[in-house]
1. When the chain is fully extended, how far beyond the present Cα-Cα distance does N388 get from D318, taking 0.36 nm per residue of separation?
2. Place a +1 charge on the Cβ of each Lys and Arg in the chain and a -1 charge on the Cβ of each Asp and Glu, then give the dipole magnitude about the Cα centre in debye, rounded to the nearest 20.
3. Go ahead and set up a Gaussian network model of the chain, Cα springs under 10 Å, then flag whichever of A131, A267, A243 fluctuates most.
4. Rounded to whole Å and ordered largest first, report the semi-axes of the equivalent ellipsoid of the range 192-231 derived from its Cα gyration tensor (root of 5λ).
5. In debye, nearest 20: dipole of the range 40-185 around its Cα centre with unit charges on the Cβ of K, R (+) and D, E (-)?
6. Stick to Cα atoms and the Kirkwood definition of Rh, then tell me Rg/Rh for the range 276-383.
7. Taking 35 Å as R0, compute the FRET efficiency from the Cβ-Cβ separation of V71 and L148 and round it to 0.05.
8. Quick one: Karplus J couplings for the range 206-212, per residue in order, coefficients 6.51, -1.76, 1.60, θ = phi - 60°, nearest Hz, x for Gly and Pro?
Amino acid sequence: MRHGMLGAGAPALPGPSPVKGDGKPTAARPGDEDDGLSSVNEVLQCAAATLLGRLSPLVDRALARLRTEVVHYASPLLAPPDVAQSTHVALEIAVGSLASPERFGESGERAWAVGRKRAAQGIPLLAVMQAYRIGASVIWDGLVETVLEESPADAQLMVYAAHDFWRWVERDMNLLKESHRERTLGLPPDDGRRLLPALKALLRGHSDPLDLSGAAVILELPLTARYAVIRLSGPEAVRPSEAAVREEVAGIQLNWCPYTDGQVVVALLRDRTLEQLRDVVPLGAGVRGGLSPVVDGLAQLRRARDLAELALGISRRDGELAALEDRMSAGFVLSRPDLATELITRILGKVMELDAPDRRLLMETLEVWLDCQGSAGQAGELLYCHRNTVLNRLRRLERLTGLLLDRPRDLIDLALALDAYRLNGDGR
């Protein structure tokens, strides 16, 4: 039920309104009029900024309703001892979150903290939810009254603002309920029943600012920070159901999420490097992995997961965690199977006509030589042959392809063709 001046007979509201990239809800203003403020977002922000200067009457109004409408808060014996101070802080944070885009996440964090605190005090969830709804209703009434007083020409926009406002309230109430439940049940901080749904939503690409900020509170992760994603695959990648969803290793927070035939790991790097991350996620037999580049926030986790999946396809053997940053060219080839087939056909056409053992010998020699930075001597040691044998094989490859390894563009084409050959399973 929506509260405030709209009342039960409020007109039907439009569908979800656009959301600005800064995380503040907004809706398009109907019509093309240019009088008054130019958007619902500006109306709410301006009204909230004005309301911050009138906070004391707002708190008094909220406390009066709490003490008459909520049985638990009406009793001096049952009501929280800090109810007056808590109400003042909650309203200041809520109104401040509407007034300043940079504070938008604070109300969710406050709701989470209040839910845990009231559960620890033994206050029933129903009473806490009633109190929260009253606070939201008082704020909404205050916003509407402020717009009517300060900018009556824009009052019609509050009909559209109602959708965004009450959706924002719903987010905070969900956080409050979840934290109260968690504290009441005594769930551990890494409990998968709480963390996994939010983690999976982020990995699927939920990017609505309300969803993101809510997930950040539940997961206790910063919205903006250095993250990387690891995709693990193989029979040994599956973790026991009782294993912790979250763990801290060498200053890196690892958040484990079950995934098809393996796991996805969301790593909060802080100031750590990708190389340090690779050291704390060792891969055993029967496990291959792909590592994404660093991304700068929770909104980028879907992209990071896709890139980690791409890196997994580049992994050459069990026990290897392939970093996409190290094999970008292979990533390009893997992301375009049609291009990979074209490279094999056009560049390795005559090579592919050789007998399988002969073909594999030439391609393995090229791969090792490239890995050794073009050193025939080092490649010979790894291939257990003389450096001249390595050079003879490479010259034969040049004759078959018509490309020269000492010409940069030819070398690039051969390296890409090699990636296509390997990623396509011997090119067949």
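Bear in mind that the values in this text are calculations on the coordinates, not laboratory data. Note that the coordinates shown come from a computational prediction; the quantities given were computed from them, not determined experimentally. Don't worry about glycine lacking a Cβ; one is built from the backbone with ideal geometry, like all the others, and counts go over all protein chains shown.
1. Details: separation 70, 0.36 × 70 = 25.20 nm, distance 3.18 nm.
Additional length available on full extension: 22.0 nm.
2. Details: 51 positive and 58 negative charges, 208 e Å.
The calculation lands at about 1000 debye.
3. Sorting by GNM fluctuation, first place goes to A243.
4. On the way: eigenvalues 37, 35, 24 Å².
Semi-axes, largest first: 14, 13, 11 Å.
5. On the way: 15 positive and 18 negative charges, 155 e Å.
In total the dipole reaches around 740 debye.
6. Numbers: Rg = 16.6 Å, Rh = 16.0 Å.
Checking Rg against Rh, the ratio lands at 1.04.
7. E between V71 and L148, to the nearest 0.05, is 0.60.
8. 5, 10, 4, x, 5, 5, 5
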